[in-house]
Structure formats: C-alpha cells, structure tokens
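A quick write-up on the structure given underneath.
The values are calculated or read from the model by the stated rules, or taken from the named source; none is laboratory data. From a predicted model like this one, the values you see are computed outputs, not experimental measurements. FYI the Cβ positions are ideal-geometry reconstructions off the backbone, even for glycines, and counts take in every protein chain you see. The area values use the complete protein model at the heavy-atom level, side chains included, leaving out ligands, DNA and RNA. Shrake-Rupley method; radii C 1.70, N 1.55, O 1.52, S 1.80 Å.
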Amino acid sequence: PSGAQHITPPQSSGAPGSNLGNGDDPPESAWERKAARAILRLEEQFPGDVGAMAPLFLNYLLIAPGESFFMAANEPHAYVAGEILECMACSDNVVRAGLTPKLKDVDNLVEMLTYSMGGPDIEFGRLVHQGAGTRTLCYTPPVPEFEVLITTVEPGATYDIAPCKVPSILLCVEGIGQTCSAPGPDGVEPQRKHKYDLAPGRSLYVTAGTIALTLSVAEGSKGPLKVARARQNLSMLGEGEDAEAQA
C-alpha cells in the first residue's frame, strides 16, 4: 500500500491458553529493546521510509563525549540524534540509502556496498600532550588522508600550536578563548598578530608552515576552551606530536 505506514508496538492480547503475554515468552534482550525504540523514533521522523528498519541490520551505537570510531568507505551509516564532529576524506559521491526525502540510488548502493560484518572499534584518543592546564588527544584513523586533534585549555592557561608542515582547520567546539601568533622556531616575532576571538562554531584555516599560534583562556572564564584541528595524518608518517616529544 502507498502512503505512510506507522509502526505500532504489538499488544499482548493472546487467547486463553496461549503463550502471548502470560510470561512464558523469552524476555527481550537489551539490544532488541534498543533497536525497537530506535525504529519507532525513526519511523516518526521519516514516515513510510524503509530506512527506519536499519537498526535491525546495522550497529546501533550510543557514543559518549570523547569517543570516536572510524567509518570506512562504502559502508552505510546514519547519524540519528545528537551532535558529533565528523572528519572525512574528499569524496566525489554520496549514495543515499534511506531516512531522506532525496533520491535513493538503489542500483549504485547495491553495487558499492562491501557487505562486511562486524562492529566498529570505539577509540578514546591518544594523549599526545599534557601540560599545566592543557592536554591534547589525537584521533588517528588507519588512512593517510586525515586525523583530528582535540586540545583543551583550562582558564588561565595557554597552549602553543607549533607550525605544521601541512595546512589544518581549527574549529572551536566549546568555551571562549583567544588566539595570537607566537614566535616561530627561529625566534622571530611575526608581523601579524593573528588575534582572533574563539567561540563555539568559529573556525580558522591555518596555512602550512607559516606561524605558531598561541591559544589562551582568561583566568575568570567559566570553563575550558576546547578546539579541534583536522589535518593530514602525520601520525601515520611518524611525524605526530607524540613522535616529536620522544625525539
């Protein structure tokens, strides 16, 4: 039938002598309850969309702050609630499978999927810097295109981002702070001060090998500054921050 098909949970209305609703049924697992709630919510958001059934055959994950996972190419995925930071390699195509009013290219979808089984590995970031009121975690995927560093600067602290051989994008995800150019490895003070106010959602493009950048948070600030930096995967080349610290 055409039109929206709303899903309603089955009612326990078995006839006398049946096993429905009398406690003889095996109890639902936690996964079944979680998947059922997700299906009902998705069907409300996208009535009649077959993608609402995706929790039955995809890994349904609840990601906590600081956790991450790597999504390989040609694997189906959807973000259904909350906020995340996603970094991806350059792509020339997006094929939609469901949960969208846009075109669903079924033929291309069936051809490109890997049909691999298993769940993702949840990563918590690798500590590459720990200082007075500062810390940096590095999230390094098994591909050369990108990695993401999350730096936290507490009120009253400062953190120097050294010049990098590759360009990067800096995004403020939490807190209030400022940037200012710092002397480079040669000790020369740059002519431009690069003073910018940072607030959630504000971003900077940092060119390759140009300046050192100091992040600072005022002493009386209510909370820490947290910024994300996306760049080429230098850790895979053995040129990450932790490699520099060991040198």
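Is it the case that T152 is of a type in the set (S, T, Y) and either farther than 19 Å from F70 by Cβ or in contact with a strand residue (DSSP E or B) (Cβ under 7 Å, 6 or more places away or on another chain) (or both)? So T152 fits the description; yes. If you go through the stretch 218-247 and pick out every residue that is within 17 Å of S181 (Cβ to Cβ) and either over 24 Å from the mean Cα position of the chain (by Cα) or open to solvent by 80 Å² or more (accessible area, probe 1.4 Å) (or both), you end up with 0. I'd like to know if the stretch 114-121 contains one or more residues that are of a type outside the set (D, E, K, R), under 30 Å from P47 (Cβ atoms) and surrounded by 13 or more Cβ atoms within 10 Å (Cβ to Cβ). Within the stretch 114-121 (the criterion being of a type outside the set (D, E, K, R), under 30 Å from P47 (Cβ atoms) and surrounded by 13 or more Cβ atoms within 10 Å (Cβ to Cβ)), the answer is yes, since at least one residue qualifies.
Criterion first (within 22 Å of the chain's Cα centre (by Cα) and either assigned to a strand (DSSP E or B) or at pLDDT 90 or above (or both)) does Y205 satisfy it? Against the criterion (within 22 Å of the chain's Cα centre (by Cα) and either assigned to a strand (DSSP E or B) or at pLDDT 90 or above (or both)), Y205 qualifies. Go through the residues of the stretch 68-78 one by one and say whether even a single one is within 19 Å of V227 (Cβ to Cβ) and either open to solvent by less than 50 Å² (accessible area, probe 1.4 Å) or in contact with a helix residue (DSSP H, G or I) (Cβ under 8 Å, 6 or more places away or on another chain) (or both). Checked the stretch 68-78: at least one residue is within 19 Å of V227 (Cβ to Cβ) and either open to solvent by less than 50 Å² (accessible area, probe 1.4 Å) or in contact with a helix residue (DSSP H, G or I) (Cβ under 8 Å, 6 or more places away or on another chain) (or both).
Among the residues of the stretch 132-155, the one identified as in a strand (DSSP E or B), open to solvent by less than 50 Å² (accessible area, probe 1.4 Å) and either over 19 Å from C172 (Cα atoms) or charged (D, E, K, R) (or both) is E147. Given the criteria in a loop (DSSP other than H, G, I, E, B) and open to solvent by less than 70 Å² (accessible area, probe 1.4 Å), does H129 qualify? No; evaluated as a whole, the condition is false for this residue. The condition of being in a strand (DSSP E or B), under 13 Å from L213 (Cβ atoms) and of a type in the set (D, E, K, R) holds for only one of D197, D160, that being D160.
Restricting attention to the stretch 36-83, the residues that are more than 30 Å from T136 (Cβ to Cβ) and among the aromatic types (F, W, Y) total 3.
The numbered conditions (1) small (G, A, S); (2) exposed (fewer than 15 other Cβ atoms within 10 Å of the Cβ); (3) touching a strand residue (DSSP E or B) at 6+ places or on another chain (Cβ under 7 Å) are all true for S91 except (3). Look at the stretch 156-167: where a residue is open to solvent by less than 60 Å² (accessible area, probe 1.4 Å) and modelled with pLDDT of 95 or more and a partner is of a type in the set (A, V, I, L, M) and not in a loop (DSSP other than H, G, I, E, B), sitting 6+ places away or on another chain with Cβ atoms under 6 Å, you get Y159/V153; Y159/L215.
The set of residues from the stretch 56-112 being free of Cβ contacts under 8 Å to residues at least 24 places away in the same chain and touching a Leu at 6+ places or on another chain (Cβ under 8 Å) comprises H77, V95, R96.
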